[in-house]
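**Student:** Structure below; questions to follow.
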Amino acid sequence: MLRILYVIVLFIFSSPVFAQASVDRDLIIQKQLNCIDAHLQQKGGVGWNDVCDMPQDPSQQREQVINQQMNQLEDNLKPQDPVAQDSLSEQVPAEYQQYPQKAVTKQGVLAEKVPQDFQKFTKKSNITLELAPEISHISYHEPNLMKEKGDMYGLNAIVTLRPSVGNYLKTRFIDVYRLDGSYSFGRVNYYGGLQNADGSVSPETFNGIGDYLFEIRGLLGKDFYFNNQSTRLTPYMGGGYRYLFDTMSVNQPGGYNRRIQYLYVPTGFELMTKLGDGWSIGTDLEYDIFLRGFVTSYMQTLGAIDANNTQTRGYGLRASIKLAKSWDRFNLFVEPYIRYWHIRVSQVETAVEFLVNGIPYGLVEPNNTSTEVGGRIGIEF
């Protein structure tokens with residue numbers, strides 16, 4: 001009973017205190033509003049410090065808060081990275097946009113100032129897929145012995161990942177990951193000769209030999225941007241595997257099938273420049289470090305055993321020019337190219353011997369070159 005009386009008495013005496021606190025709070029808020037109105041509208045020439053006991057102009061206070069938040073955004077992101085710049089511009093509240101002096105960061109122009117046709121370099125959807133049919137003319141040449149040439153038709157697919165800021169795959173030295181695969185087939189003609197037992201050579205021509213070419217490459221690279229981000233340079237390095245199967249024995253008496261495999265390290269750079277209105281042009285130059293080649297000659301059709309030769313010396317070259325047009329959902333491109341291989345004479349396969357003027361010689365893969373000139377037209381998502 002005493003507790004109940006204590007609560008009632010406390011409520012009666014404290015109500016005026018709460019009421020006065022509420023009134024005081026409303027008065028303070030109203031005073032601040034009057035101060036702001038008096039300063040911003042300059043009623044009767046009354047100044048801020050004349051009406052309000054506050055140290056500085058309210059617009060200066062507001063500007064300081066804005067500056068602090070903008071600087072914090074800049075420090076938390078990487079403005080030199082176009083993806084980070086794009087993220088920075090998106091996080092700036094709309095109410096700050098009335099301050100145009102903040103459109104320039106400590107590092108340069110915000111991403112919102114980057115022209116529209118550069119947005120493909122800064123988009124957050126960092127996985128792209130290229131699909132492109134390709135056609136080429138291939139020529140394989142063993143000097144003073146034989147050559148094959150014909151047309152090849154195939155399909156090329158490239159998946160490229162450019163991780164966003166904060167992704168653990170985006171490092172200081174690597175921020176581009178690419179997987180490149182292609183498959184092509186065609187018919188080539190053989191021009192050469194077969195050596196007779198007496199050492200003479202009988203010219204031979206085989207037409208319609210089926211060739212099948214498969215290649216897969218994994219690449220790691222780093223993007224660098226120049227000319228106000230209109231130019232992108234991407235040095236890269238990786239690993240490659242090339243597989244060629246030549247079916248000369250099919251309906252060709254005296255011929256035999258061959259399987260040729262290359263392991264190599266592609267090293268090069270890609271350079272792309274924006275031209276405006278969604279157009280861009282670039283080039284790709286590459287040097288291929290040859291690691292090993294493995295040639296299997298299926299010679300059972302000639303009454304001998306199959307031979308395996310290892311190739312250890314050689315190199316490859318690649319060059320292309322790419323012209324692309326971008327839209328909101330996809331890009332179209334055309335890319336002519338040239339690919340070249342020069343492989344030195346292989347190790348001798350002693351298990352298979354041939355008599356030349358009565359002298360036995362082991363089987364080797366001669367010094368040879370392969371040149372492929374073609375192009376691809378495709379779409380990028």
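**Student:** Hey, with R₀ at 30 Å, roughly what FRET efficiency would Tyr315 and Ile135 work out to, going by the Cβ-Cβ distance, to 0.05?
**Tutor:** After rounding to 0.05, the efficiency reads 0.75.
**Student:** Can you give the FRET efficiency for Leu233 and Tyr153, using 1/(1 + (r/R0)^6), R0 = 51 Å, r = Cβ-Cβ distance, to the nearest 0.05?
**Tutor:** Efficiency computed from Cβ-Cβ geometry: 0.95.
**Student:** Here is a follow-up. When Lys and Arg each count +1 and Asp and Glu each count -1, what net charge do the other residues less than 9 Å away from Lys322, Cβ to Cβ, add up to?
**Tutor:** Here the count lands on -3.
**Student:** Amide H neighbours of Met299 under 5 Å, counting only residues 5+ apart in sequence or on other chains, H built in-plane at 1.01 Å?
**Tutor:** For Met299, whose amide H was placed from the backbone, the distant partners under 5 Å are Asp306, Ala307.
**Student:** For a quick check: sort Phe245, Phe330 by the number of other beta carbons within 10 angstrom, fewest at the front. Please report the intermediate quantities before stating the final value.
**Tutor:** Numbers: Phe245 16, Phe330 12.
In increasing order of surrounding Cβ atoms, one gets Phe330, Phe245.
**Student:** Just want the ordering: Ile158, Ile305, from fewest to most Cβ atoms lying within 10 Å of their own Cβ.
**Tutor:** On the way: Ile158 18, Ile305 13.
By the 10 Å Cβ count, ascending, the order reads Ile305, Ile158.
**Student:** Which value, in debye to the nearest 20, gives the size of the charge dipole of segment 119-380 about its Cα centre, when Lys and Arg are +1 and Asp and Glu are -1 at the Cβ?
**Tutor:** Taking the Cα centre of segment 119-380 as origin, the dipole is about 1240 debye.
**Student:** Between Ile305 and Leu275, what is the spin-label point distance in nm, taking each point 7 Å from the Cα along the Cα→C-beta axis?
**Tutor:** 6.0 nm
**Student:** Once you put a point 7 Å from the Cα of Leu263 and another 7 Å from the Cα of Lys222, both along the Cβ direction, what distance in nm separates them?
**Tutor:** Placing both labels 7 Å beyond Cα along the Cβ direction yields 2.7 nm.
**Student:** Net charge around Pro366, counting only other residues with Cβ within less than 15 Å of its Cβ (Lys, Arg = +1; Asp, Glu = -1)? The partial results should precede the final answer.
**Tutor:** Working: positive: Lys147, Arg258, Arg313, Arg344; negative: Glu142, Glu148, Asp246, Glu349, Glu365.
Result for the neighbourhood of Pro366: -1.
**Student:** Can you compute log10 of I(q)/I(0) for segment 119-380 with the Debye formula, treating each Cα as one identical point scatterer, at q = 0.08, 0.09, 0.10 Å⁻¹?
**Tutor:** Log10 I(q)/I(0), no solvent term: -0.41, -0.50, -0.59.
**Student:** For Trp327, Trp341, what ranking results if the residue with the fewest other Cβ atoms within 10 Å of its Cβ goes first?
**Tutor:** Trp327, Trp341
No value in this document is a laboratory result; all are computed from the given coordinates. Because the structure is a prediction, the values reported are computed rather than measured. Backbone-built Cβ (ideal geometry, glycine too); neighbour counts: all protein chains shown.
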